[in-house]
Every structure is written in C-alpha cells, then in structure tokens.
Amino acid sequence: MANWLGLGLISSLAIAPLSFFDRCNAIAQTVPTYVTAQTETGNMQKLAQQTTVRILTPNASGSGVIVQRQGQIYTVLTSWHVVAFSDQHTIITPDGRRYTPVSRQLKQLGNTDLAITQFRSNSDYQVASISNQPVLIGEPVFAAGFPMYQEQSLATTFDQGIRGFRFTSGEVSVLPPKSLAQGYRLGYTNNIAVGMSGGPIFNASGLLIGINGRVKNRDPDFGVYAFEDGTEPSPELLAKIVNSSWGIPISSYLQFQNFPRYQQPVLLQETRGNNVQLNPPIPLLRKQESTVSPVILPEKAVGEVRSTLSE
C-alpha cells in the first residue's frame, strides 16, 4: 500500500494506551514557541545519520535505528511491517557496510507495529539515547530514514544504499487521548515518505522519542485513524490526525523489553520545570515567548549528547 511506509497490510491489533501520554490533551495545550538554528539542525542531522540504518528486503526497503549494543551484537528497532513479510533482510549501517541478521526469528513487540532485529559487528556504531519523558505539542522533532522511491517517481532507491538518506524537521502536532491502532500515538508535521518506516524521531535534545510509521493524508474511510478500542475521533481531531505523519512513542519499546542490568539502553532524562538553572553546554534548542520551560538535560547527560554530536 502506497500510504504505508513499507509494503503489506498489518493485521495485528493495537496495544493498551500508554500511561504517560494520558496526561497530554489532544486538543488544548499550552503550546510553546521554539526556534532551531540552522547549525543546530545540522547537528541533529549528523546524529540521525550516525544512528539510522537501512533495511532491505527482496522487494522493498525500510529504515531502523540502533538502540542497543551488547558486545558485538547491535539491536535495531524498526517497524514490524518493514520486516514481517519476508524471511530475509539486509541491514546497511551508516558506513555503508551490509550485515545479515543474527537470527531470522524476528521479534514483534506485542501487537504494535514495532520489531527488533540484530546484527553482529566489531565496528563501533553510535547508539541512540532514549528519552523517558513525555513530549509536548509544538516542540521540534526531527525524523529520518531512507525513502524507497526517488522523489516524484516510481523508480526505487535500492541501489543508492545509504546515499538515499533523508532528514526532516517539523514539530509535534497531535497527541491523541488514546492510541490509534498498532500503537500509533505521536503525530508530527514532518513530511516523511514510503521507506522511512522504522526510522527515528528525535527531539531537539537529540533524544529518541519515537519511530516513524505512517505518512500523512491516508484515506480515513479504511479505518486507519480509528482508536485501538474501535471508537472514532471527533471531526476536528480527525482533521488534525489526517494532516499529520504518525509514529509510535519510544515508550512502547521500553514497555515490552526486559533488560538485564548489563544490557540497559541509554536513557536520558530531560528536566522540565520553572525552577531549573539554565546552563546547557550546547544550545540545541532556543525558545521564545513561552510559558513552558526549555528542555534541559542534566549536566552529565548533556555532556554525553555533546560528545555524540561532536564526533
């Protein structure tokens, strides 16, 4: 289906609502105004390129993001529909190398449109740092991946490898009161394309907040915008939903993973509050005329992100 960011029709059911999103009102929120400088966007693009992989199947392609490393085993988070319809796939890392998965037994995360795959390498690849905080409507987001088709063409980009990388800027547009089917609960304005499914969504602090999965302007008559409990959004909310791209919050990944102590993902906590001393070493985000405080990382965490972006 052209409106999916991969091929095939997903038949799995949706998961239960994600608790921390229940605090987010889908219609009325205090919307802060953010400004991101060109150099800051360039830093985010570099980070996205260092953590995003391309996934090729015999007849299609998608994207993924490196979320974990244990020795020589790297874990890639992607969309289930990217890998569910083929028993083989190839992972292309940011340096252009190609890897076969450690196992063909892929793991779908519950009934969500998420899956994990792994590859083995003695090379050093950047692992995305994961946010464990809710997002806000209006905050900047950056979505990345590898479109399957050349722009305004049906010619594929399979032979381009990582040269087909695309980086997009936008903002969070919709946080519905409950999840859409298959775990989709993060709406954003970025213009993503078929093939970017499974790619990362970063916030302005360089933290992974979600996974790409659906393009804008799908036909609502097919029920793709129904909530997981079968109810329909109001006409006003539906209009916002249709005009947004959709991702699955990173909390779904964390919810379904049981990490041993030696295998914990890199979780960085943002600080949102009015009594925080503003002293970020790198100004990934500038904010103007807002009643909501800027996203600030603890000093140690910001240092880790700064180290990542300076590589």
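The values are calculated or read from the model by the stated rules, or taken from the named source; none is laboratory data. Model, not experiment: these values are computed from the prediction. Neighbour counts run over all protein chains shown; Cβ positions are idealised from the backbone, glycine included. Only protein heavy atoms, including side chains, enter the accessible area calculation; ligands, DNA and RNA are left aside. Shrake-Rupley method; radii C 1.70, N 1.55, O 1.52, S 1.80 Å.
Between Gln49 and Ser121, what is 0.36 nm times their sequence separation minus the Cα-Cα distance? Round to one decimal in nm.
Full-extension gain reported as 24.1 nm.
For Lys107, which sequence-distant residues (separation of 5 or more, or a different chain) have an amide H within less than 5 Å of its own amide H, given hydrogens modelled in the peptide plane?
For Lys107, the qualifying residues are Ile116.
Kindly report, to the nearest 10 Å², the accessible surface of Glu236 as traced by a 1.4 Å probe over protein heavy atoms only.
130 Å²
How large is log10 I(q)/I(0) at q = 0.19 Å⁻¹ when the Debye formula is applied to the Cα atoms of the range 130-226, each weighted equally and without solvent?
The computed values of log10 I(q)/I(0) come out as -0.96.
Using every alpha carbon pair in the range 62-150, what percent of pairs falls into each 10 Å bin from 0 up to the bin containing the largest distance?
Values per bin, smallest distances first: 14, 46, 32, 9.
What is the extension gain from Asp219 to Arg163, computed as 0.36 nm multiplied by their sequence separation minus the C-alpha to C-alpha distance, in nm to one decimal?
Stretched fully, the Asp219-Arg163 segment lengthens by 17.1 nm.
Give me the one-decimal Kirkwood hydrodynamic radius in Å for the range 30-183, with the sum taken over alpha-carbon pairs.
Mean inverse Cα-Cα distance, inverted, gives 16.9 Å.
Which FRET efficiency value, to the nearest 0.05, do you get for Asn59 and Ala239 by plugging their Cβ-Cβ distance into 1/(1 + (r/R0)^6) with R0 = 45 Å?
Calculated value: 0.85.
From largest accessible area down, sort Leu237, Leu106; use a 1.4 Å probe on the protein chains.
The ranking, largest first, comes out as Leu106, Leu237.
Using 1/(1 + (r/R0)^6) with R0 = 22 angstrom and r between the beta carbons of Ser103 and Phe256, what's the FRET efficiency to the nearest 0.05?
That pair, Ser103 with Phe256, gives E of 0.80.
Grab the beta carbon distance between Ala226 and Ser153, set R0 = 41 Å, and tell me the FRET efficiency rounded to 0.05.
Efficiency computed from Cβ-Cβ geometry: 0.80.
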